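K.L.:
Handing you this structure, nothing more for now.
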Amino acid sequence: MWSGDDIYFMKLALEEAEKADRLDEVPIGAVLVLDGIQVSGGHNCPIRKNDPTAHAEIQALRSAGEWLRNYRIPESTLYVTLEPCLMCFGALIQARVSRVVYGAADPKVGVTQWSELIEKARLNHRFELEGGLLEEKCRAMLQSFFKRRRG
């Protein structure tokens with residue numbers, strides 16, 4: 001099901017999540033890939049930046065937009081260690097990302113919790129959403145973080 005490239009890029013997203021973990025942020029990482037090349041990466045940093053929108057996906061999209069000098073990134077794939085939330089889903093739609101691959105599901109606020117609403121929405125763009133890639137590693141990193149925090 002998963003290609004070698006998918007696994008490679010998700011491992012890079014896990015490296016981004018490790019950066020967040022070292023900063024005592026929730027360890028979520030993302031990388032954006034275009035034409036088989038990583039064009040950006042990002043990790044969670046809302047606490048450090050005092051910015052509730054500083055999710056890994058948003059950080060990766062902002063970086064890619066600046067580098068590519070375009071707010072639209074069609075034909076791209078975003079790899080992220082946790083299922084995107086509704087806010088990030090909206091940003092991915094605006095950026096025209098073609099495919100999103102996530103590791104661990106987020107049963108509380110993940111975008112799949114909103115699937116009925118999304119299906120009814122008259123969106124001018126949709127993307128392919130696939131989950132479960134390196135799920136155990138992605139989930140274990142999050143569980144370890146929260147276990148340490150509860151201490």
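The values are calculated or read from the model by the stated rules, or taken from the named source; none is laboratory data. It should be emphasised that the depicted structure is a prediction, and the values quoted were computed from it without experimental measurement. Here the Cβ is made from the backbone with ideal geometry for all residues, glycine too, and neighbour counts use every protein chain on show. These accessible areas exclude ligands, DNA and RNA; they are computed on the full protein's heavy atoms, side chains included. Shrake-Rupley method; radii C 1.70, N 1.55, O 1.52, S 1.80 Å.
K.L.:
Kindly indicate whether any position in segment 29-46 is within 20 Å of Gly131 (Cβ to Cβ), surrounded by fewer than 20 Cβ atoms within 10 Å (Cβ to Cβ) and not polar (S, T, N, Q).
P.N.:
Checking segment 29-46: not a single residue is within 20 Å of Gly131 (Cβ to Cβ), surrounded by fewer than 20 Cβ atoms within 10 Å (Cβ to Cβ) and not polar (S, T, N, Q).
K.L.:
Determine if segment 47-55 includes at least one residue that is surrounded by fewer than 17 Cβ atoms within 10 Å (Cβ to Cβ), of a type in the set (Asp, Glu) and not in a helix (DSSP H, G or I).
P.N.:
The answer is yes; a qualifying residue exists.
So that you can scan it fast, the table gives a plain yes or no per residue for (1) surrounded by 13 or more Cβ atoms within 10 Å (Cβ to Cβ); (2) without any contact (Cβ under 8 Å) to a residue 24 or more places away in the chain; (3) on the phi > 0 side of the Ramachandran plot; (4) in contact with a Phe, Trp or Tyr (Cβ under 6 Å, 6 or more places away or on another chain):
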site: Thr112; (1), (2), (3), (4): yes, no, no, no
site: Glu119; (1), (2), (3), (4): no, yes, no, no
site: Leu129; (1), (2), (3), (4): yes, no, no, no
site: Leu134; (1), (2), (3), (4): yes, no, yes, no
site: Cys138; (1), (2), (3), (4): yes, no, no, no
site: Leu142; (1), (2), (3), (4): yes, no, no, no
site: Lys147; (1), (2), (3), (4): no, yes, no, no
site: Gly151; (1), (2), (3), (4): no, yes, yes, no
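K.L.:
Continuing with the same structure: Considering only residues of segment 1-28 that are of a type in the set (D, E, K, R) and in a loop (DSSP other than H, G, I, E, B), which is surrounded by the most Cβ atoms within 10 Å (Cβ to Cβ)?
P.N.:
Our first condition is that a residue be of a type in the set (D, E, K, R); within segment 1-28, this holds for 5-6, 11, 15-16, 18-19, 21-22, 24-25.
The next check asks that each one be in a loop (DSSP other than H, G, I, E, B); those that pass are 24-25.
On the way: Asp24: 12, Glu25: 20.
Filtering first and then ranking leaves Glu25.
K.L.:
Of the residues Ala64, Ala91, which single one is assigned to a helix (DSSP H, G or I), modelled with pLDDT of 95 or more, among the aliphatic types (A, V, I, L, M) and open to solvent by 20 Å² or more (accessible area, probe 1.4 Å)? Let's see the steps before the verdict.
P.N.:
Numbers: Ala64 fails: open to solvent by 20 Å² or more (accessible area, probe 1.4 Å).
After applying the criteria, what remains is Ala91.
K.L.:
Considering segment 26-46 alone, what residues qualify as being in contact (Cβ under 8 Å) with a residue 40 or more places away in the chain and on the phi > 0 side of the Ramachandran plot? Write out each step before concluding.
P.N.:
Residues of segment 26-46 in contact (Cβ under 8 Å) with a residue 40 or more places away in the chain: 26-35.
Across segment 26-46, the qualifying residue is only Asp35.
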